[in-house]
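Q: Right, I'll just put the structure down here and ask away after.
The values are calculated or read from the model by the stated rules, or taken from the named source; none is laboratory data. Just so it is clear, the model here is predicted, and its values are computed rather than measured. Using ideal geometry, Cβ is built from the backbone for each residue, glycine included, and neighbour counts are taken over all protein chains shown. For accessibility, only protein heavy atoms count, side chains too; no ligands or nucleic acids. Shrake-Rupley method; radii C 1.70, N 1.55, O 1.52, S 1.80 Å.
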Amino acid sequence: MLWAFVIGIIVTNTIGIRSVLKSGVGFCSGQLLKFGVAVLGFTTSALIWTHVGVGVIAAFIVITAALSLSLWLGAKMGLSHRLASLIGVGTAICGASAIAALTPAINAKEEESGLAISGITLFGLVSMFLYPFLFLYTPVNGLLGGSLDAYAIWVGAGVHETAQVIAAASAVNASVAQAAMLIKSVRIFMIGPVVFLLSWYCSRCEGGKGKASFVVPLFAVAFTLGTLVCALLDLNTATLLSAGVDWVAIKTYLSGTILPFTFATAFAGVGSKVSFSSILKLGARPILVAATVALTAGLLAFITAVLLVPYVA
C-alpha cells in the first residue's frame, strides 16, 4: 500500500496524469477507499477486547494522548483541523489505514492526506528499526525486565503501521508478533469510533460554534458493524466449517489478498492526486507536529509497558 502511494506521487509529479484517467483516480481515492475500510471491519473481530488483558491500557493511553496532542499542537502551530486530525489518527490508530478511513469523512484535501501519510510513514519506519535495537542492545531491556510480553505491549501500542509492528516485534523474537498484534488490533478496532468523533469535531470547528451539520460516515458504520459480524463468525467457526463454510480461510483471503489489493489501488489514486508544490506550501510545521506526536506516543507506550511489567506473564 505504501509503495503504491509513493509510486502514485512519483508519477503525478513527473510525467503527470492524463485527463482521461482522472475520473478513475478519483474513484480509487474515494469510493474504493471507503469500500476497503468497510471490508477491513470484517477481518477485525470485536473479540479482541477479551484477549489483550492489561495491555489494553497502553493502547488507550496512546490513542488518547496522540489525538489530544495532535489537535492541541496543530491548533497552536496553525494547522487546519483536518490536517491535525489526520496526523493524530495516523499515529494513534494504524497509520495510513486510519488516515484512509478519516480522509473522506472530513473531506480532507489530497495534499493534507498525503502530508499526513508521509510524516506517519517516516516516523513509523524509524520506530520499526529503533525499538528492537533499544530492546536488544541498551538498558531499555532491563527497564522492561527482559520481558517479551512487555516489549510486545510497547511495540503494539507505540508503532504506527501494522506491517511495522510485525517487523519490529519479529526482529526480537517471532513469538512476540502475535502478542504485539493483539495490542495493535485494539487500536485498529478504534477506527470506527475515532472517525465518528473526529468527523464531529471537524464539522463543529468548521461550522462555527458547533452549528455545522454532521454527516455520519456510512463506511465507518459498516466497519463497526463488521467487527461485530467478525466476532460472531469467529465464535461459530466449527459450526460453519461443518456446514461447508471455511470462515478462517475466507477471512485470511480478505486480509491477505482482497484488502492489500484494494488499499494499494486506492492509495495509488490518493498518491496520484498529491502535488509536491502544494505540499511545500504547507511548510515544515506539519512534519514537526507529526514528529512530536510520534515521540510522545512512543514514550507513553514505553512508560506504560514498564509499569505493566509486574502484571504480564
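Q: Determine which member of the set 304, 237 is at pLDDT 85 or above, surrounded by fewer than 17 Cβ atoms within 10 Å (Cβ to Cβ), over 24 Å from residue 97 (Cα atoms) and β-branched (Val, Ile, Thr).
A: Result: 237 is the single residue among 304, 237 that is at pLDDT 85 or above, surrounded by fewer than 17 Cβ atoms within 10 Å (Cβ to Cβ), over 24 Å from residue 97 (Cα atoms) and β-branched (Val, Ile, Thr).
Q: Only one of these is open to solvent by 10 Å² or more (accessible area, probe 1.4 Å) and of a type in the set (A, V, I, L, M): 148, 144. Name it. Show your work before the answer.
A: Working: 144 fails: open to solvent by 10 Å² or more (accessible area, probe 1.4 Å).
Among 148, 144, only 148 is open to solvent by 10 Å² or more (accessible area, probe 1.4 Å) and of a type in the set (A, V, I, L, M).
Q: Additional query: Among what's in the range 18-50 and is modelled with pLDDT under 85 and of a type in the set (Val, Ile, Thr), pick the residue that is farthest from residue 102 (Cα to Cα).
A: Out of the qualifying residues, it is 50.
Q: Let me ask something additional. Of all residues in the range 82-120, count the ones that are polar (S, T, N, Q) and open to solvent by 30 Å² or more (accessible area, probe 1.4 Å).
A: The number of residues fulfilling the criteria is 2.
Q: Of the residues 29, 127, 113, 70, which single one is in contact (Cβ under 8 Å) with a residue 40 or more places away in the chain and in contact with a His (Cβ under 8 Å, 6 or more places away or on another chain)?
A: 127
Q: Also: May I ask you to verify whether residue 167 is open to solvent by 30 Å² or more (accessible area, probe 1.4 Å) and either basic (Lys, Arg) or not in a helix (DSSP H, G or I) (or both)?
A: When the stated conditions are applied, residue 167 does not pass them.
Q: Tell me, please, whether a residue that is modelled with pLDDT of 90 or more, of a type in the set (Val, Ile, Thr) and open to solvent by 40 Å² or more (accessible area, probe 1.4 Å) can be found in the range 218-228.
A: No: the range 218-228 contains no residue that is modelled with pLDDT of 90 or more, of a type in the set (Val, Ile, Thr) and open to solvent by 40 Å² or more (accessible area, probe 1.4 Å).
Q: Can you name the number of the only condition in (1) open to solvent by less than 10 Å² (accessible area, probe 1.4 Å); (2) under 20 Å from residue 275 (Cα atoms); (3) more than 16 Å from the chain's Cα centre (by Cα) that residue 79 fails?
A: (1)
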